[in-house]
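What follows is a set of notes on a single structure, which appears directly below.
The values are calculated or read from the model by the stated rules, or taken from the named source; none is laboratory data. Note that this is a predicted model, so its numbers are computed, not measured. Quick reminder, even Gly has a Cβ in these numbers, built from the backbone with ideal geometry, and neighbours come from all protein chains shown. We work out accessible area using only protein heavy atoms, side chains counted, and drop any ligands, DNA or RNA first. Shrake-Rupley method; radii C 1.70, N 1.55, O 1.52, S 1.80 Å.
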Amino acid sequence: DSQMPAQLSQASQTNPPRTDFRPILRFCVALLVAATTFGVAAFMVHGVVLKALAASARPAATNAPRQSTGAAETPAGLAVIQKMHDRYASTWYSTLSFTEIAEQRSDDGKTTSETWWEEAKLPGQLRIDLGAPPTDTSKPRRIVVYTPDGEYDKRPGQPVHHTDRRNFLLILGFDVYRQPVDRTVEELKAEGFDLSKVRSDTWHGRNVTVVGGDKQFWIDTERQLFVRLIDGDTEAWFDDYRPLDGGWIAAEVGIKNKGVMRLHEVYSNIKANVDLPDAMFDPGRLP
């Protein structure tokens with residue numbers, strides 16, 4: 001730099017004066033360096049602030065148990081029942097009648113066969129006449145009636161015997177499509193079904209949804225139909241499903257206890273939406 005003035009003086013003697021931009025360039029470079037430096041610093045500070053804010057927004061780790069919000073969790077089984085109901089609620093028949101051959105096996109291994117007549121008024125009402133049709137008012141026979149209040153059992157020459165027992169097969173095979181979901185859920189929970197447990201399985205080569213623990217019911221996933229019940233040592237199943245007037249009917253039913261078939265039913269003369277008077281299901285009017 002010490003030689004710079006002499007060079008400029010000599011140049012000025014031979015050439016016109018020129019403007020020296022070097023100071024300006026130095027200033028611009030310095031300004032650019034400063035701006036860049038402060039800009040990077042500002043970016044770094046901004047990043048630190050954001051990280052600090054993010055850290056403060058995250059809840060601190062704790063081993064304390066999660067506090068309940070007070071809202072009850074919806075059981076997974078409720079969704080299964082809801083889906084069954086919604087599939088056929090607008091089409092399922094309201095009454096049903098059929099004849100069946102019922103084969104029973106007693107504890108001593110003896111097998112008997114009898115003709116039964118069944119009539120149902122949905123939801124909640126079922127009548128079974130054992131040995132004679134309901135139109136026969138002269139022949140003594142046993143009659144069993146199920147209502148929302150339980151089971152009424154009338155044997156010849158005896159008063160009507162009442163228990164609070166529900167008919168699971170009536171609820172899961174028929175009532176579920178004709179009554180509010182909440183009512184079905186209430187009935188199943190009252191009988192000990194754990195609706196929080198749901199899993200997938202197969203039954204007779206078809207996909208099923210299984211609801212419950214020790215006591216469970218199985219639903220055909222595609223058709224949304226009841227196919228199996230397990231209650232301790234007792235197993236019941238519906239088979240040979242056939243379309244029937246906007247719904248379905250299982251023409252074969254089996255009940256086993258400890259692996260032994262106790263009751264096997266085969267249906268015939270199946271009719272839906274027939275006229276059934278309320279008096280048929282009145283326990284106080286049984287012959």
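Within the stretch 153-176, residues that are farther than 15 Å from Phe238 by Cα and open to solvent by 30 Å² or more (accessible area, probe 1.4 Å) sit with their Cβ atoms under 8 Å from residues that are at pLDDT 95 or above and among the aromatic types (Phe, Trp, Tyr), at 6+ positions apart or across chains, in these pairs: Val160/Tyr152; His161/Tyr152; His162/Tyr152; Arg166/Tyr146.
Just one residue in the set Val260, Val211, Val185, Val181 is hydrophobic (A, V, I, L, M, F, W, C), more than 24 Å from Glu100 (Cα to Cα) and either modelled with pLDDT under 95 or touching a strand residue (DSSP E or B) at 6+ places or on another chain (Cβ under 7 Å) (or both); that residue is Val211.
Taken as a whole, the stretch 109-118 holds no residue that is in contact with a helix residue (DSSP H, G or I) (Cβ under 8 Å, 6 or more places away or on another chain) and hydroxyl-bearing (Ser, Thr, Tyr).
When the residues of the stretch 74-90 are filtered to those that are assigned to a helix (DSSP H, G or I) and among the small types (Gly, Ala, Ser), the one that is surrounded by the most Cβ atoms within 10 Å (Cβ to Cβ) is Gly77.
If the condition is being open to solvent by less than 80 Å² (accessible area, probe 1.4 Å) and free of Cβ contacts under 8 Å to residues at least 60 places away in the same chain, then the stretch 184-193 contributes Glu187, Ala190, Glu191, Gly192.
One line per residue, one yes/no per condition, for (1) more than 24 Å from Gln104 (Cα to Cα); (2) at pLDDT below 95; (3) open to solvent by 70 Å² or more (accessible area, probe 1.4 Å); (4) of a type outside the set (A, V, I, L, M, F, W, C):
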site: Ile230; (1), (2), (3), (4): no, no, no, no
site: Ala236; (1), (2), (3), (4): no, no, no, no
site: Leu244; (1), (2), (3), (4): yes, no, no, no
site: Ala250; (1), (2), (3), (4): no, no, no, no
site: Asn269; (1), (2), (3), (4): no, no, yes, yes
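Ser196 meets the conditions (1) more than 27 Å from His162 (Cβ to Cβ); (2) small (Gly, Ala, Ser); (3) open to solvent by less than 60 Å² (accessible area, probe 1.4 Å) in every case but one. The failed one is (3). Using the structure shown, decide if Asp194 is acidic (Asp, Glu) and in a loop (DSSP other than H, G, I, E, B). Here the answer is yes, as Asp194 does meet what is asked. Screening the candidates Val227, Val266, Val210, Val253 for the property of being outside any loop (DSSP other than H, G, I, E, B), among the β-branched types (Val, Ile, Thr) and more than 23 Å from Thr95 (Cα to Cα) yields one hit, Val210.
A search for C-beta distances below 9 Å between a residue of the stretch 97-123 that is over 19 Å from Tyr146 (Cβ atoms) and touching a residue at least 24 places away in the same chain (Cβ under 8 Å) and any residue that is charged (D, E, K, R) and open to solvent by less than 80 Å² (accessible area, probe 1.4 Å), counting only pairs 6+ apart in sequence or on different chains, returns Ile101/Glu114; Ile101/Glu265; Glu103/Glu114; Glu103/Glu265; Arg105/Arg262. Restricting attention to the stretch 173-215, the residues that are over 13 Å from the mean Cα position of the chain (by Cα) and of a type in the set (S, T, N, Q) total 3. Among the residues of the stretch 151-170, just one is outside any loop (DSSP other than H, G, I, E, B) and at pLDDT below 95, namely Phe168.
Can you spot a residue in the stretch 104-114 that is among the basic types (Lys, Arg), assigned to a loop (DSSP other than H, G, I, E, B) and more than 15 Å from Pro287 (Cβ to Cβ)? Scanning the stretch 104-114, I find at least one residue that is among the basic types (Lys, Arg), assigned to a loop (DSSP other than H, G, I, E, B) and more than 15 Å from Pro287 (Cβ to Cβ), so the answer is yes.
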